[in-house]
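Shown next, in structure tokens, is the structure this report addresses.
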Amino acid sequence: MEYISSYPVRAKVQAAAGVKILGRFNRARAAQLTLPHFVCQTPLFMPVGTQGTIKGLTTSQLEEIGCQIILGNTYHLALRPTSELIDELGGLHNFMNWPRALLTDSGGFQMVSLLHLADITEKGVTFQSPVDGKPMLLTPEESIQIQNRIGADIIMALDDVVKTTITGPRIEEAMYRTLRWIDRCIAGNCPVTHTWKLDDTYLLVKDICVKGLVERDLPGYAIGGLAGGEDKDSFWRVVAQCTAALPEDKPRYVMGVGYPLDIVVCSALGADMYDCVYPTRTARFGTALIPEGVLKLKHQAMANDTRPIDPTCECMVCKNYSRAYIHCLVTKDAMGSQLLSYHNLFYMMKLSRDLHSSIVDGGFRMEIHSDMSSVSFVNY
Amino acid sequence: MKFTVKAWSKGGGRAGLLQVGSCSIETPALLLNTRKGLPAFISPDLLSSLPTPDSRLLQFSPLHFSEGISLKTISELGGLHQMLGLHEHVFAAVPRDSTISLPDYQSSNKMGASFETPCGRLLIKPLQYMEMISSMKPNMWATLADEVPAWVSEKRNKASVDRTTGGAVFGSIVGGSKIEERKRCAKEVAERNVSGFCLGGFGLGESMDEHPSLLGAITEILPEDKPRQICGLGLPEEVLQGVAAGIDLFDSTYIYHLTLGGFALTFPLEEIRRHGYGDQLSDTGRDGSKINLKATIYRKDTSPILEGCKCYTCQNHTKAYINHLLNVHEMLAQILLEMYVPSFLPIAVALFPGLVILTRNSCHFSSHNTHHYLGFFRVIREAIKGGTFEEFRQNFVETRRDHILAAALSA
């Protein structure tokens with residue numbers, strides 16, 4: 001409790017983008033999010049293009065299926081081809097030739113989860129350079145600078161990343177440090193365009209954290225530290241608590257959330273944006289997303305199934321191919337992953353569109369299968 | 001199927017028109033390599049961005065479907081065209097495919113032909129092969145090549161088989177590198193009621209110098225009014241050898257192997273000018289006809305693979321981006337390259353010991369290389385029609401040779 005009094009003077013950050021609410025249904029909102037490169041409709045799902053590409057899809061295909069924002073991983077891009085090179089070549093949009101919106105993360109999470117000997121101090125994240133093993137430091141200020149060189153529409157402030165399974169004073173420490181880091185970003189005259197903040201999952205501390213962040217009037221808020229194996233009950237409760245406390249006119253981004261069911265529930269609770277590697281990763285394992293849940297194309301039963309993956313799906317994969325043909329491709333030919341990734345992302349984009357339009361039309365209703373394994377939409 | 005020769009070149013090459021399925025395809029033409037009917041990396045929606053009708057001619061091997069899907073299911077789906085959603089395309093079946101099913105002539109016997117495939121060694125009997133063809137219903141198919149005497153007994157089946165499958169039959173001509181055997185096989189097959197001929201047994205490690213005499217000996221015997229297809233001639237120089245000998249259709253894995261290696265084809269298609277190459281000789285990985293996009297000189301190169309190229313890759317992406325994709329081993333690099341490239345790894349490695357060829361996936365390449373190689377065939381056809389083929393061929397071969405020598409000397 002003694003930390004609160006040592007907070008620096010709060011600064012206001014100009015919110016350059018707006019969220020315009022177009023419709024509501026209970027706590028769910030359908031909105032328009034205006035970004036420098038694209039005007040988006042929420043709720044929306046953002047595919048993860050870690051290294052400046054979505055695995056196996058071209059930017060024209062992504063546009064075709066209705067993708068609005070792609071996420072790029074700062075850690076990976078800073079490593080190769082480096083943020084300086086991206087900057088020199090006009091930013092990530094130009095580099096990839098992606099005309100719509102981009103979001104980058106702070107790099108902190110990737111470092112902590114991917115690197116040996118990564119550690120967090122008050123200064124920032126210390127780690128061993130994967131290139132030459134030298135000790136390095138990523139400060140909140142530098143994370144912003146790297147992201148600005150990459151040039152995404154939405155960037156994330158570095159947070160003190162804490163595993164969801166940790167309990168005790170470390171949580172509190174992380175929370176207050178995160179707030180101090182945000183203030184450093186704001187005060188340090190980093191040209192912060194749209195800064196988002198991460199929470200952690202610890203319920204009690206969260207209230208203080210959320211209040212602290214809301215006071216700073218940031219352009220948007222991200223709810224993170226979830227999707228790490230905690231049970232569903234806690235997960236939804238945390239999201240509900242956060243969205244209740246966050247301002248209405250700012251977008252709410254739940255990080256790492258990708259199961260269609262989770263997206264629908266979080267949207268019902270008032271969240272707007274999501275990202276996850278799940279749809280594309282599961283495609284590479286031969287699994288397709290369908291309204292009833294998932295379809296494992298590797299199963300022998302698929303070998304003679306002449307139906308499309310999803311008869312209700314309008315994508316080019318479902319319009320042209322049978323389960324049997326995809327079955328003989330998966331895990332053996334790159335084309336199998338490509339076609340499934342295409343279908344799965346098409347499915348997620350359609351889910352986003354359906355969420356938006358059903359909230360706008362006022363008929364948003366979910367039917368959740370009794371074992372929570374699948375969800376379908378019903379429009380009135 | 002209908003084939004007519006439209007123009008002749010002095011040396012024996014010809015330009016023709018092949019009408020098959022719903023397509024009218026000008027020859028000499030390239031058959032695009034596929035795995036299970038689709039290109040390795042170019043998805044079907046992107047396939048339509050390639051020039052038509054050139055890119056509609058697809059090769060496949062029935063052996064690709066030895067496991068994973070039954071013939072019954074393929075028939076239920078209505079055959080290849082339905083199964084692949086490529087109704088406007090022309091499918092040509094060849095029993096062998098250099099990328100995954102190599103013919104194993106040692107084990108072939110009178111019972112059937114043997115192949116090494118990812119499922120192990122398969123012995124395919126002529127009847128089995130016919131079942132595959134019947135369920136897949138390709139527009140054109142090459143007979144199973146094996147000992148001539150065994151096929152004699154199949155003669156009677158051929159006419160009835162034609163009616164069942166509806167596809168045009170191409171008689172396979174084998175015989176290895178022995179001219180006399182080739183001639184004998186060619187004579188035998190030439191007498192049969194086939195719609196065309198498929199020259200097999202090339203691209204199996206024989207030297208390029210052997211080609212002209214072998215090819216010439218075969219084509220001399222074959223009737224002029226039927227199309228000749230060849231498997232295994234991939235390099236541009238080999239294609240030119242084949243064209244000069246009177247071959248009309250080429251099935252090659254050149255693009256596939258180049259794409260895997262991160263190469264992009266760059267030889268100028270409009271005309272080959274020797275002095276035009278001079279200032280590029282010092283580039284690492286350039287031999288005037290292709291570039292290795294993994295090379296660090298391309299890290300910040302914001303130009304397209306080839307200025308003026310109309311393929312999807314060159315219209316949308318830079319060398320810098322593809323360089324990055326290759327370095328981080330992203331599939332998109334190969335998609336983009338295949339759409340734009342064509343394979344001859346052994347020669348490349350021998351001549352450019354400094355080149356590091358990594359076999360990783362990349363999407364973008366595929367698109368560019370295919371586009372470019374289709375363009376190469378277009379230039380060949382124009383040259384034949386314009387009566388300048390021999391000149392074009394000599395020019396091309398000599399220029400490439402100079403480059404290769406210069407690059408080897410400076411390495």
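At-a-glance table
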read-out	value
Where GluC sites (Glu not before Pro) fall in DSSP loop in the range A:42-142, at most 13 other Cβ within 10 Å	A:E122
Residues B:I255, A:I223, B:I74 arranged by fewest to most Cβ contacts within 10 Å	B:I74, A:I223, B:I255
Neighbour-count ranking [beta-carbon atoms within 10 angstrom, fewest first] of A:V239, B:V5	B:V5, A:V239
Low-density loop positions, GluC sites (Glu not before Pro), the range A:209-279 - DSSP coil, at most 16 other Cβ in 10 Å	A:E230, A:E248
Amide H contacts of B:D301 (H built 1.01 Å from N, under 5 Å, at least 5 apart or other chain)	B:A320
Cβ charges +1 (Lys, Arg) and -1 (Asp, Glu), total dipole of the range A:34-127, debye	180
Protection-proxy order for peptides B:186-193, A:279-286, B:242-249, B:258-265, each taking the mean of Cβ atoms within 10 Å per residue, highest first	B:258-265, B:242-249, A:279-286, B:186-193
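FYI, it's all coordinate maths here, none of it is from the lab. None of the values given here were measured: they were computed from a predicted structure. Reconstructed Cβ throughout: ideal geometry from the backbone, glycine too, with neighbour counts over all protein chains shown.
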